[in-house]
Amino acid sequence: LASRLHSSVCFVGPAQSGKTLGLGEGWMAHNVVHDPGDMLIVQMSQEKAREYSKQRIDRAIRNSPELKKLLGRAQDDNTHDKLFRNGMWVKIAWPTVTNLSSTSYRYVFLTDYDRVGDDIDGEGDMFTLAGKRTTTFLSRGMLGVESSPGRLIVDPKWRPATPHEAPNVGGILGIYNRSDRRRLYWKCPHCGSWFQASPGLGLFGLPSDDDILLEVRTTDLQKMAKHYARVICPGGGCIIGFEHRHWMNQNSVWLQDGLELSEDDRIEGEPRTSSVAGYWLGGVAAAYTTWETLNLKHLQALQEFALT
C-alpha cells in the first residue's frame with residue numbers, strides 16, 4: 001500500500017480471510033509508526049464503524065507498545081477519532097456524502113465494499129467519492145478497498161475474455177476489472193508446474209452441479225466433502241493434498257493479467273497496467289478455511305436446492 005505507481009489498491013477475497021486485518025489495522029499501524037498521514041477508514045454503517053473502532057482499532061492500539069505510546073491525550077481518543085502525538089489523525093466513519101466530502105486524507109480505506117450501495121446519497125459510488133479525498137497528496141496518497149464479492153451474476157452466458165477477468169457485476173469486482181488484475185499462482189509440489197489458485201471450486205474436480213443434484217439428497221455430505229478435499233494440478237494431473245497448501249502459499253507469486261510463469265520459474269508476457277493494483281484471492285488459498293469446509297458448504301447448498 002505504499003506505491004508511487006498506483007493511486008489505489010483493490011483486494012477481493014472470501015469472508016474471514018484476514019483482508020480487513022491486513023489492510024485495516026495493519027495498514028493503519030504501519031502509517032502511524034512509519035509514515036504518518038491523516039487516514040479515513042469507512043465501515044459499511046455507523047453501527048459497524050463504532051463496532052470496528054471498539055473491537056479492532058482500540059484493541060490494536062492497546063496491545064501494540066508502539067501505537068500505545070504514540071496515542072495522544074484522553075480527549076484526543078474517542079470512538080470515531082484517534083489523534084496521535086505525531087499529528088496523525090485516524091477517523092472511523094461510514095458511507096455518507098458528508099464523511100466522503102471536503103476533508104483531504106492521505107490514506108483512505110473502504111471495507112466490505114459490496115455491503116454498501118452503488119450510490120451514496122445521490123452523489124455516486126463510494127470508490128469514486130473516496131478517491132477524491134486523496135488527490136491533494138498526488139502520488140503520496142493511497143486509497144485501499146476490500147470486500148468479498150456480493151453481487152449477483154445476471155448473465156449466465158458470461159465467459160472471461162482473459163484468464164484473470166472477473167464477472168461484469170459491478171461492486172468490488174467492477175473495481176478489480178479496471179485494475180491490473182492480479183491472481184495468485186501456486187507451484188505444484190510434485191511436478192513443479194505453475195497454476196492459478198483460482199477463485200471458486202474448479203481445482204477440486206467436483207462433478208458438475210447437475211450431475212450430483214440427485215446424489216446430494218441421500219449421500220453423506222461430510223464424507224463426500226472430505227473425498228474431494230484435494231487439488232488436481234492442471235499441468236500434470238497431480239493430486240495435491242491439503243497438507244501442501246501452506247508450502248504453496250509460502251512459495252506463491254502474484255501475477256498481473258497477461259503474465260505467466262514458465263517451468264524454470266521465469267515470468268513471461270506483457271502485464272496489464274492500471275492506476276489500480278488489484279488482487280483477487282480465491283478461497284482455496286485463504287488461510288482461515290479448509291478445502292473440506294469449502295466443499296461441504298457448497299454441497300450443503302446444493303442439497304438445500306435439491307430438496308426445496
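The values are calculated or read from the model by the stated rules, or taken from the named source; none is laboratory data. Bear in mind that the values here come from a model prediction, so they are computed numbers and not experimental data. Quick reminder, even Gly has a Cβ in these numbers, built from the backbone with ideal geometry, and neighbours come from all protein chains shown. Ligands, DNA and RNA are stripped out before the accessible areas are found, and what is left, the full protein with its side chains, is counted by its heavy atoms. Shrake-Rupley method; radii C 1.70, N 1.55, O 1.52, S 1.80 Å.
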Residue that is surrounded by the fewest Cβ atoms within 10 Å (Cβ to Cβ) [pool: residues in the range 162-208 that are farther than 24 Å from residue 295 by Cα and basic (Lys, Arg)]:
178
What's the number of the condition residue 159 fails, among (1) charged (D, E, K, R); (2) within 15 Å of the chain's Cα centre (by Cα); (3) open to solvent by 50 Å² or more (accessible area, probe 1.4 Å)?
(2)
Residue pairs qualifying under the 9 Å Cβ cut-off, at least six apart or on distinct chains, with the first in the range 252-263 being at positive phi and the second being open to solvent by less than 30 Å² (accessible area, probe 1.4 Å), are 258/164; 258/180; 258/181
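Residue by residue, here is whether (1) at negative phi; (2) of a type outside the set (S, T, N, Q) holds:
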{"site": "242", "(1), (2)": "yes, yes"}
{"site": "246", "(1), (2)": "yes, yes"}
{"site": "249", "(1), (2)": "yes, no"}
{"site": "266", "(1), (2)": "yes, yes"}
{"site": "269", "(1), (2)": "no, yes"}
{"site": "282", "(1), (2)": "yes, yes"}
{"site": "294", "(1), (2)": "yes, yes"}
Are any residues in the range 46-77 closer than 19 Å to residue 31 by Cα, loosely packed, with under 14 Cβ neighbours inside 10 Å and modelled with pLDDT of 90 or more, and if so, which ones?
59, 62, 63, 65, 66, 68, 69
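In the range 244-256, how many are open to solvent by less than 30 Å² (accessible area, probe 1.4 Å) and either over 15 Å from residue 11 (Cα atoms) or of a type in the set (S, T, N, Q) (or both)?
Residues in the range 244-256 being open to solvent by less than 30 Å² (accessible area, probe 1.4 Å) and either over 15 Å from residue 11 (Cα atoms) or of a type in the set (S, T, N, Q) (or both): 2 in total.
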All positions within the range 134-158 that are part of a loop (DSSP other than H, G, I, E, B) and either without any contact (Cβ under 8 Å) to a residue 60 or more places away in the chain or more than 22 Å from residue 279 (Cβ to Cβ) (or both):
150, 151, 152, 153, 154, 155, 156, 157, 158
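I'd like to know if the range 272-293 contains one or more residues that are farther than 14 Å from residue 200 by Cα, open to solvent by 20 Å² or more (accessible area, probe 1.4 Å) and without any contact (Cβ under 8 Å) to a residue 40 or more places away in the chain.
Checking the range 272-293: not a single residue is farther than 14 Å from residue 200 by Cα, open to solvent by 20 Å² or more (accessible area, probe 1.4 Å) and without any contact (Cβ under 8 Å) to a residue 40 or more places away in the chain.
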How many residues are surrounded by 11 or more Cβ atoms within 10 Å (Cβ to Cβ) and over 16 Å from residue 289 (Cα atoms) when one looks only at the range 221-236?
8
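Confirm whether residue 96 is of a type in the set (S, T, N, Q), open to solvent by 20 Å² or more (accessible area, probe 1.4 Å), over 21 Å from residue 36 (Cβ atoms) and assigned to a loop (DSSP other than H, G, I, E, B).
yes
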Please go through the range 98-125 and pick out each residue that is touching a Phe, Trp or Tyr at 6+ places or on another chain (Cβ under 8 Å) and closer than 19 Å to residue 46 by Cα.
109, 110, 111, 113
Scope the range 101-123; condition open to solvent by less than 40 Å² (accessible area, probe 1.4 Å) and either more than 21 Å from the chain's Cα centre (by Cα) or not aliphatic (A, V, I, L, M) (or both); matching residues:
101, 105, 106, 107, 109, 111, 112, 113, 114, 120
Among the residues in the range 145-154, are any surrounded by fewer than 21 Cβ atoms within 10 Å (Cβ to Cβ), among the hydroxyl-bearing types (Ser, Thr, Tyr) and in contact with a helix residue (DSSP H, G or I) (Cβ under 8 Å, 6 or more places away or on another chain)?
yes
